[in-house]
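**Student:** One structure follows; several queries about it will come next.
Readers should treat all values here as calculations from the given coordinates under stated rules, not as data from a laboratory. Just so it is clear, the model here is predicted, and its values are computed rather than measured. FYI the Cβ positions are ideal-geometry reconstructions off the backbone, even for glycines, and counts take in every protein chain you see.
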Amino acid sequence: MSTTTNDTGRYEIQSVDARGDSLCIGWSDGHESHYPALALRANCTCEQCGSYETALRELRLTDIPVDVEIAEAACHGRHLKVVWTPDQHESLFSMRWLRTICNSQAERERRRWRPKFWGKEIEAAPPSMDYQDCVDNELARLELLELIRDFGFAVLRNAPTDPDTTEDIAALVGPLRSSPHGTVHDVRYDPDPEFYANTCSEILPHSDQAYRHLPPSITCFHFIDAAASGGESTLTDAFRAGADIRQENPAAYELLGTTPVTFHRRFFRRDKDYRIRAPIMSLDDMGEIAGVRLLDRAIGPLDAPEDIVLPYYAALRLLLEKLYEPDNQALVPIATGEVLFFNNHRVLHGRRAFDPRSGRHMRSCNIELDEFNSSLRFLAGKHGHEGGDMVLPHGALS
């Protein structure tokens with residue numbers, strides 16, 4: 001969503017009712033907000049209290065009197081001034097800030113990001129941007145970030161094919177994440193592969209490195225040389241599949257979101273043994289999907305109560321059947337000189353088999369979700385887009 005924040009009417013205070021232990025504000029658009037006095041006092045950002053945004057803060061919750069109340073509250077320009085009792089401390093809150101922290105159901109829904117679900121139909125017009133536009137224009141770069149946020153992926157067209165440019169291209173969405181395998185991984189056919197990606201076989205929809213405590217977040221595939229025969233990328237919206245299951249079979253959805261499975265990955269050539277117990281779907285406080293990790297070929301025996309085992313496998317089968325449905329998989333051919341960005345905590349990726357003699361060469365690297373969201377919030381705030389303050393999903397936490 002790239003709407004700019006020019007709706008000043010919703011940020012106009014019409015009435016103020018200070019009730020001692022709470023504050024009621026009536027807004028010019030007819031909305032009413034209620035704030036506990038303690039919650040407002042705890043979020044004072046005056047010079048004495050300090051700012052939670054910078055973490056340069058002196059105020060502690062235990063410093064606030066247990067019996068704190070509002071003695072006075074009145075509008076001063078575009079702010080609301082509050083005087084507290086018993087210590088007579090003064091706070092100044094902007095009208096915009098007060099509206100954006102309102103905890104009514106309507107306001108909480110408004111500031112929550114919602115994914116744009118998709119299936120096979122997105123093949124006709126996958127979200128895409130021009131590389132040079134994103135380099136030259138901050139608004140184009142912001143649009144790229146918003147596409148990745150909303151759809152979970154985007155294609156960057158007309159990018160350089162020089163392998164040395166991969167890191168600079170990926171940095172358009174945030175600083176790169178390093179790993180034990182290096183910052184950038186070259187993906188091409190290897191007759192003696194350590195990674196499945198280095199085969200020429202078809203790869204079914206999956207998440208990368210689901211066996212790690214925090215799997216890679218935003219993934220960048222830079223195509224140096226796309227295969228002339230085969231190798232097309234397949235993408236699947238796991239958030240959509242999960243949302244469908246939530247509607248059709250809430251019990252299965254609950255199992256997938258609460259029951260941990262064990263993901264394994266042993267690298268015999270590197271003396272590495274990774275394991276993590278985590279649910280396939282990570283849910284937020286509203287029960288919505290916030291992240292997915294799914295590498296079914298790395299799932300080991302289920303460690304769960306006996307009465308859960310069979311229902312869990314039934315739920316997992318249901319999810320896999322959804323993900324493998326042709327209508328849920330988009331075939332997105334990526335040409336030489338194009339770049340695929342996708343959210344590994346939402347979009348499962350795969351590929352068609354290809355001719356090992358084709359010279360197919362792709363470079364892969366990753367950006368942490370924290371860094372991607374930081375880039376998005378900074379540019380959205382700078383250019384007045386609402387996305388700067390959206391509540392974004394936390395990803396596939398263990």
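**Student:** What is the dipole size for the chain, taken about its Cα centre, with +1 at each Lys and Arg Cβ and -1 at each Asp and Glu Cβ, in debye to the nearest 20?
**Tutor:** With Lys and Arg at +1 and Asp and Glu at -1, about 640 debye.
**Student:** Pull up all non-local amide H partners of residue 71: gap of 5 or more, or a different chain, and H-to-H distance under 5 Å with H placed in the peptide plane.
**Tutor:** Here the answer is 83, 84, 85, since their amide H atoms fall under 5 Å of that of residue 71.
**Student:** Once fully extended, how much extra length lies between residue 56 and residue 32, figured as 0.36 nm per residue of separation less the alpha-carbon to alpha-carbon distance?
**Tutor:** That pair, residue 56 and residue 32, stretches by 5.5 nm at full extension.
**Student:** Related question: Farthest toward the dipole's positive end in segment 8-110, which of 88, 68, 14, given Cβ charges of +1 (Lys, Arg) and -1 (Asp, Glu) about the Cα centre?
**Tutor:** 14
**Student:** How do 389, 87 rank when sorted from fewest to most other Cβ atoms within 10 Å of their own Cβ?
**Tutor:** 87, 389
**Student:** Would you mind telling me which residue in 209, 247, 105 has the biggest mean-square fluctuation in a Gaussian network model of the chain, where springs connect alpha carbons within a distance under 10 angstrom?
**Tutor:** Greatest mean-square fluctuation among the candidates belongs to 105.
**Student:** Where a ≥ b ≥ c are the square roots of the eigenvalues of the C-alpha gyration tensor, would you call segment 224-304 rounded, which needs a/c under 1.5, or, failing that, prolate if a/b is larger than b/c, or oblate?
**Tutor:** Cα axes put segment 224-304 in the oblate bin.
**Student:** Right, something else. Counting other Cβ atoms within 10 Å, keep those with at most 12, restrict to DSSP loop, and tell me which GluC sites (Glu not before Pro) in segment 168-247 are left.
**Tutor:** In loop regions of segment 168-247 (DSSP not H, G, I, E or B), the sparsely surrounded GluC sites (Glu not before Pro) are 194.
**Student:** Have a look at 318, 147, 23 and tell me which one the Gaussian network model of the chain (Cα, springs below 10 Å) gives the largest fluctuation.
**Tutor:** Per the Cα network of the chain with a 10 Å cutoff, 23 tops the list.
**Student:** If you don't mind, another one. Take the chain, mark every one of the trypsin sites (Lys or Arg not before Pro) that falls in a DSSP loop and has at most 10 other Cβ within 10 Å, then report the longest stretch left between them, sites excluded.
**Tutor:** 61-268
**Student:** Expected output is a single nm value to one decimal: the length gained when fully extending between residue 325 and residue 133, i.e. 0.36 nm times separation in residues minus the C-alpha distance. What is it?
**Tutor:** Here the answer is 65.6 nm.
**Student:** Using the Kirkwood radius over C-alpha pairs as Rh, can you work out the diffusion coefficient of segment 120-389 via Stokes-Einstein at 25 °C, viscosity 0.890 mPa s, in µm² per second?
**Tutor:** 127 µm²/s
**Student:** Identify all aspartates and glutamates with a Cα-Cα distance to residue 120 below 12 Å; exclude those on the same chain that are fewer than 8 residues away in sequence.
**Tutor:** Hits, sequence-local ones excluded: 237, 325, 327.
**Student:** Under 18 Å between alpha carbons, and skipping anything fewer than 8 positions from residue 116 in its own chain: which lysines qualify?
**Tutor:** Of all the lysines, those that pass the test against residue 116 - Cα under 18 Å, at least 8 places apart if same chain - are 322.
**Student:** Please report the spacing between the Cα centers of segment 324-376 and segment 227-302 in Å, no decimals.
**Tutor:** 17 Å
**Student:** Taking the chain as a Gaussian network, Cα atoms linked when under 10 Å apart, which of 300, 152, 257 shows the biggest mean-square fluctuation?
**Tutor:** In the Gaussian network model the winner is 300.
**Student:** For the Cα atoms of the chain, what angle does the longest principal axis make with the long axis of helix 238-248, in degrees from 0 to 90, nearest 10?
**Tutor:** Roughly 70 degrees, rounded to the nearest 10.
**Student:** Counting helices only, and only those DSSP H runs with n ≥ 4, report the 222 nm mean residue ellipticity of the chain as the sum of -39,500 (n - 2.57) divided by its residues, in deg cm²/dmol to the nearest 500.
**Tutor:** So the calculated ellipticity at 222 nm is -7000 deg cm²/dmol.
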